[in-house]
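Chemist: Questions regarding the structure given below will be posed in turn.
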Amino acid sequence: MINIDLIELLERAKAAAANAYAPYSGYKVGSAVLSSEGSIFTGCNVENASYSLTICAERNAIFNAVASGQKSFLALAVYVDSTRNFPPCGACRQVMSEFAPSLKVIFGNRNEVVETTLAELLPGAFSLHDA
Ligand code: THU
């Protein structure tokens, strides 16, 4: 059984946020995802002068994990270096749902931490997997 330490995961997300490339929005976001095998993968947001090419921290963390062979996840953390709250965007919620419908989610900023689940964040998710 894998121990899920959400606060440690949030610390890893915070460390990843330091590497964010966010010259346009100014919001440096980091994410860390815990695989079912117990490994942690991180990502940060990477913006672009052609704004729509920007990718969120959460998707970078998940894609990083998939590129290393992990396709099942227990928990995901998001940290933004701000006083604004950053719950995961809709696109990232859908990507989480692809790999981890019962994911635990923690998000935090300089002042506040919120623990929730993907089921709460994305009820009625679209899927092509058989139920
Ligand atoms: N962003 C994330 O990294 N994750 C989210 O869930 C929401 C938004 C990034 C995208 C962009 O670089 C900046 O935050 C402002 O939208």
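The values are calculated or read from the model by the stated rules, or taken from the named source; none is laboratory data. Because the structure is predicted, anything quoted here is derived from the model rather than measured. Note that we place each Cβ from the backbone using ideal geometry, even for glycine, and neighbour counts take in every protein chain shown. Heads up: the accessible areas ignore ligands, DNA and RNA and are worked out on the full protein's heavy atoms, side chains in. Shrake-Rupley method; radii C 1.70, N 1.55, O 1.52, S 1.80 Å.
Chemist: Within region 48-129, list the GluC sites (Glu not before Pro) lying in a DSSP loop whose Cβ has at most 12 other Cβ atoms in a 10 Å radius.
Modeler: Answer in residue order: Glu112.
Chemist: Ranked from highest to lowest mean number of other Cβ atoms within 10 Å per residue, what is the order of the peptides 22-28, 12-18?
Modeler: 12-18, 22-28
Chemist: So how far apart, in nm, are the two label points at Asn19 and Ser102 if each is 7 Å from Cα heading toward Cβ?
Modeler: 3.1
Chemist: Determine the gain in length on full extension of the stretch Ser39-His129; use 0.36 nm per residue of separation and subtract their C-alpha separation, reporting nm with one decimal.
Modeler: The Ser39-His129 span can extend by a further 29.9 nm.
Chemist: Right, here's the next one. To the nearest 20 Debye, how big is the dipole of region 6-121 about its Cα centre, given +1 on the beta carbon of each Lys and Arg and -1 on that of each Asp and Glu?
Modeler: With only Lys, Arg, Asp and Glu charged at Cβ, the dipole is about 140 debye.
Chemist: Normalised by the number of residues in region 33-111, what is the relative contact order in percent for Cα pairs under 8 Å and 6+ residues apart?
Modeler: After rounding, I find 30 percent.
Chemist: If you take every residue apart from Ser127 with its C-beta less than 14 Å away from the C-beta of Ser127, what net charge results, scoring Lys and Arg +1 and Asp and Glu -1?
Modeler: Result for the neighbourhood of Ser127: -1.
Chemist: Pick out, from Tyr27, Asn48, Thr117, the residue whose Cα sits farthest towards the positive end of the charge dipole of region 6-121, with +1 on the Cβ of Lys and Arg and -1 on the Cβ of Asp and Glu.
Modeler: Checking the options against the dipole of region 6-121, the answer is Asn48.
Chemist: Shifting gears a bit: Quick one: pull the percent of accessible area on the chain belonging to carbon and sulfur, 1.4 Å probe, ligands and nucleic acids left out.
Modeler: In the chain, the share of accessible area belonging to carbon and sulfur is 52 percent.
Chemist: Here is a further query. Compute the length gained on full extension between Ser52 and Met1: take 0.36 nm times their separation in residues and subtract their Cα-Cα distance, giving the result in nm to one decimal.
Modeler: My answer for the length gained is 14.4 nm.
Chemist: Hey, what's the chain come to in accessible area per residue, 1.4 Å probe, Å²?
Modeler: Accessible area per residue, the chain: 54 Å².
Chemist: Between region 78-131 and region 1-75, what is the separation of their alpha carbon centroids in Å?
Modeler: 12
Chemist: Mean shadow of region 1-127, computed from the convex hull of its alpha carbons, in nm²?
Modeler: One quarter of the hull surface, i.e. the mean projection, equals 7.5 nm².
Chemist: Taking every DSSP beta bridge with both residues inside region 31-125, roughly what % is antiparallel (nearest 5)?
Modeler: Bridges in region 31-125 are about 75 percent antiparallel.
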